[in-house]
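Chemist: Let me begin by handing over the structure; questions about it come next.
The values are calculated or read from the model by the stated rules, or taken from the named source; none is laboratory data. This is a predicted model, so every value here is computed, not measured. Because the Cβ atoms are built from the backbone with ideal geometry, glycine has one as well, and the counts that use them run over all protein chains shown. Accessible surface is based on the protein model in full, side chains and every heavy atom, while ligands, DNA and RNA are left aside. Shrake-Rupley method; radii C 1.70, N 1.55, O 1.52, S 1.80 Å.
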Amino acid sequence: MKVILKKIGKLEIIIFVSGSVVMVLELIGSRIVAPYLGTSIFVWASLIGIILGALSLGYYLGGRFSKTNPNLQFLGRTLLLAGLSILLITLIQKPVLTLAMQLGVKTGSVVATLGLFTIPSIIMGIVSPYAIRLKTDTVEHAGGVAGNLYALSTIGSIAGTFLAGFYLIPTFGSQQILFGLSITLILVSLLANKNIFSFLILLLAFNLLGFSSLTDSKFVYESESAYNHIIVKDGVDKSGRQVRALYLATELHSIIYKDSTELASKYHQNYALDTLFKPDIATALSLGGGAYVAPQDFLRRFPDAKMTVVEIDPEVTAVARDFFGLKSNPRLTIRHEDGRIFLNNNQEKFDVIYGDAFASYYSIPFQLTTAEAVKKMHDALTDDGILILNVISGLDGDRAKFLNAEYLTIKQYFPQIYLFPVDFRDEANFDKIQNIVLIATKNSNRLSKEEMLNLANANQVPYVNNLWEQQPNIKPTDRILTDDFAPVDYYISKFL
């Protein structure tokens, strides 16, 4: 390390900054793609794989270019070109991502990454081998020079990773960060190649940055948090009523009527079945908050009950307060942490657990779907407690793979499971994607539909009629989900 820091010159600064920019670009790439394609494992695999491939090609080209008359001016032009290519992302991202969205999450992720990040990554890959050649004066020194500069580049990458994750992404918008990366590379290029063209491009980047900062969002609210791209949007539903919706990345997470506390979401309405299976509810846990539609309805329905909501993103909670009517309530406890971490450390008992946490494109975070997580939920319930889980799936066929796997997993601990599809229950529509409210009970006695109707109040009768009386079509290949094996994104991709 002392050798690396002994003399910091132009090349060392260039290498460090380049390493930082590459990692910031890769991390911000996920936020750029998320509003169109989500943040599934397919998006991350595309970003990591394609950017690594592009860097490899850049390393090869950098080695080839360094053989012929290596000079600092060429490196400066390379950095300028890299800055321009990142600036170009801000101009082409919408059409590229709109096209990618039409191709589905798998193909779309590959196309989006190729279209937006390949060229900048190739150009950035040229920098390190070229700088090593400039720094190397003899063959004997080549190994030491390469080791020092690659170490410096890696340190830069580490710095960029923490800078992006802990400061840039939670603080600035994706566009602003892209402009910042572009401006940084153009400024660094001036260390190696000062010319009027570089200054003109720098001026253009600053002007575009200022313009983007002044541009108003077309939504009621739009921002980036450490976890989500958050959008609040007003509109009109099919009946003509005014509604307000919360989107996280590409998905609609919550919707309310602007003129009423009546539930606008069908699957939230089905939560009213809770007292059919557990009449005396005093405590509840909600894994996932979103716009806090269900928790607020719960507090209205049970004026003496208490609820704990575990929502990973404090910015989402803030949005719920500002735009969805969430108010402080002594009966409401909010915990900002991952739901699985909460379950791992929980010592409380609840009468009902509502599972409504989603990650990307209809997928429940895998760590909340596994047998280990279900065991934690089972243990967190009172002796006659119930689990109510919102699942997005088909009822049969390939589009039911996640439902089947989750059903098998829950069945390990809960003797009775009831399925309430909110839209389609006829054989002709078994493969249609919909919300399915899954209710699992610790009570081993199974209620028939007739018994449910006899017990149900007038409000519950329509939701009891949603009961799917068939058992899931479990196939020999369907497996229980575990912390070791939970391909949730893959199963969800079957209907994307």
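Chemist: Hey, among the residues in segment 414-428 that are in contact (Cβ under 8 Å) with a residue 24 or more places away in the chain and open to solvent by 30 Å² or more (accessible area, probe 1.4 Å), which one's farthest from Lys266 (Cα to Cα)?
Modeler: Filtering segment 414-428 for residues that are in contact (Cβ under 8 Å) with a residue 24 or more places away in the chain and open to solvent by 30 Å² or more (accessible area, probe 1.4 Å), the one farthest from Lys266 (Cα to Cα) comes out as Pro415.
The rows are residues; the columns are (1) closer than 18 Å to Val17 by Cβ; (2) at pLDDT 85 or above.
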{"site": "Phe179", "(1), (2)": "yes, yes"}
{"site": "Thr184", "(1), (2)": "yes, yes"}
{"site": "Tyr221", "(1), (2)": "no, yes"}
{"site": "Glu224", "(1), (2)": "no, no"}
{"site": "Lys233", "(1), (2)": "no, yes"}
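Chemist: Pick from Ser40, Ser18, Ser30: which is free of Cβ contacts under 8 Å to residues at least 24 places away in the same chain and open to solvent by less than 10 Å² (accessible area, probe 1.4 Å)? Outline the logic, then answer.
Modeler: On the way: Ser40 fails: free of Cβ contacts under 8 Å to residues at least 24 places away in the same chain; Ser18 fails: free of Cβ contacts under 8 Å to residues at least 24 places away in the same chain.
None of the others qualify; the one that does is Ser30.
Chemist: Tally the residues that are at pLDDT below 90 and either open to solvent by 80 Å² or more (accessible area, probe 1.4 Å) or not in a helix (DSSP H, G or I) (or both), restricting the search to segment 78-93.
Modeler: Here the count works out to 1.
Chemist: Give Ala131, Ala112 a once-over and let me know the one that is in a helix (DSSP H, G or I), under 23 Å from Ser46 (Cβ atoms) and open to solvent by less than 10 Å² (accessible area, probe 1.4 Å).
Modeler: Being in a helix (DSSP H, G or I), under 23 Å from Ser46 (Cβ atoms) and open to solvent by less than 10 Å² (accessible area, probe 1.4 Å) holds for just one of Ala131, Ala112, which is Ala112.
Chemist: If I filter segment 381-388 for residues that are open to solvent by 30 Å² or more (accessible area, probe 1.4 Å) and closer than 30 Å to Thr39 by Cα, do I get at least one hit? Spell out how you get there, then give the answer.
Modeler: Of segment 381-388, the ones open to solvent by 30 Å² or more (accessible area, probe 1.4 Å) are 382-384.
Then drop every residue that is not closer than 30 Å to Thr39 by Cα, which leaves none.
No; the residues of segment 381-388 include none that is open to solvent by 30 Å² or more (accessible area, probe 1.4 Å) and closer than 30 Å to Thr39 by Cα.
So that you can scan it fast, the table gives a plain yes or no per residue for (1) at pLDDT 90 or above; (2) open to solvent by less than 90 Å² (accessible area, probe 1.4 Å):
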{"position": "Arg446", "(1), (2)": "yes, no"}
{"position": "Met452", "(1), (2)": "yes, yes"}
{"position": "Ala456", "(1), (2)": "yes, yes"}
{"position": "Gln471", "(1), (2)": "no, no"}
{"position": "Val488", "(1), (2)": "no, yes"}
{"position": "Ser493", "(1), (2)": "no, yes"}
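Residue by residue, here is whether (1) in contact (Cβ under 8 Å) with a residue 24 or more places away in the chain; (2) not polar (S, T, N, Q) holds:
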| residue | (1), (2) |
| --- | --- |
| Gly235 | no, yes |
| Thr250 | yes, no |
| Ala264 | yes, yes |
| Tyr292 | yes, yes |
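Chemist: Select from segment 342-366 the residues that are assigned to a helix (DSSP H, G or I) and at pLDDT below 95 and list them in ascending order. Steps first, please.
Modeler: Going residue by residue through segment 342-366, those that are assigned to a helix (DSSP H, G or I) are 342-345, 366.
Across segment 342-366, the qualifying residue is only Phe366.
Chemist: Please list, ordered by residue number, the helices (runs of 4 or more DSSP H) wholly in segment 229-336 having 2 or more residues that are open to solvent by less than 60 Å² (accessible area, probe 1.4 Å) and over 30 Å from Gly108 (Cβ atoms).
Modeler: Working: elements: 266-269, 274-277, 293-301, 314-323.
Where helices (runs of 4 or more DSSP H) fall fully within segment 229-336 and carry at least 2 residues being open to solvent by less than 60 Å² (accessible area, probe 1.4 Å) and over 30 Å from Gly108 (Cβ atoms), they are 274-277, 293-301, 314-323.
Chemist: Same structure again: Got a sec? Which helices (runs of 4 or more DSSP H) wholly within segment 387-496 have at least 2 residues that are β-branched (Val, Ile, Thr)?
Modeler: Values: elements: 401-411, 449-455, 461-464, 488-493.
The helices (runs of 4 or more DSSP H) meeting that bar are 401-411, 461-464, 488-493.
Chemist: Within segment 250-269, can you find the residues that are closer than 15 Å to Asn390 by Cα and among the acidic types (Asp, Glu)?
Modeler: Of everything in segment 250-269, just one residue is closer than 15 Å to Asn390 by Cα and among the acidic types (Asp, Glu), namely Glu251.
Chemist: Continuing with the same structure: Can you spot a residue in segment 122-143 that is out of contact with any Gly (no Cβ under 7 Å at 6 or more places or on another chain), within 19 Å of Ile13 (Cβ to Cβ) and among the charged types (D, E, K, R)?
Modeler: Yes.
Chemist: Contact list please: Cβ distance under 9 Å, first residue in segment 323-340 and of a type outside the set (A, V, I, L, M, F, W, C), second residue part of a strand (DSSP E or B) and open to solvent by 70 Å² or more (accessible area, probe 1.4 Å), pairs at least six apart or on different chains.
Modeler: Sorted first by the residue in segment 323-340, then by its partner, the pairs are Pro330/Lys306; Arg331/Lys306; Thr333/Lys306.
Chemist: Could you say which residue among Ala318, Ala400 is among the aliphatic types (A, V, I, L, M) and under 25 Å from Arg31 (Cα atoms)? Break it down into steps so the answer makes sense when it comes.
Modeler: Details: Ala400 fails: under 25 Å from Arg31 (Cα atoms).
Within the list Ala318, Ala400, the selection yields Ala318.
Chemist: In addition: Restricting to segment 225-244, name every residue that is in contact with a strand residue (DSSP E or B) (Cβ under 8 Å, 6 or more places away or on another chain) and of a type outside the set (Val, Ile, Thr). Working first, answer last.
Modeler: Initial filter on segment 225-244 (in contact with a strand residue (DSSP E or B) (Cβ under 8 Å, 6 or more places away or on another chain)): 228-237, 241-244.
Hits for segment 225-244 are Asn228, His229, Lys233, Asp234, Gly235, Asp237, Arg241, Gln242, Arg244.
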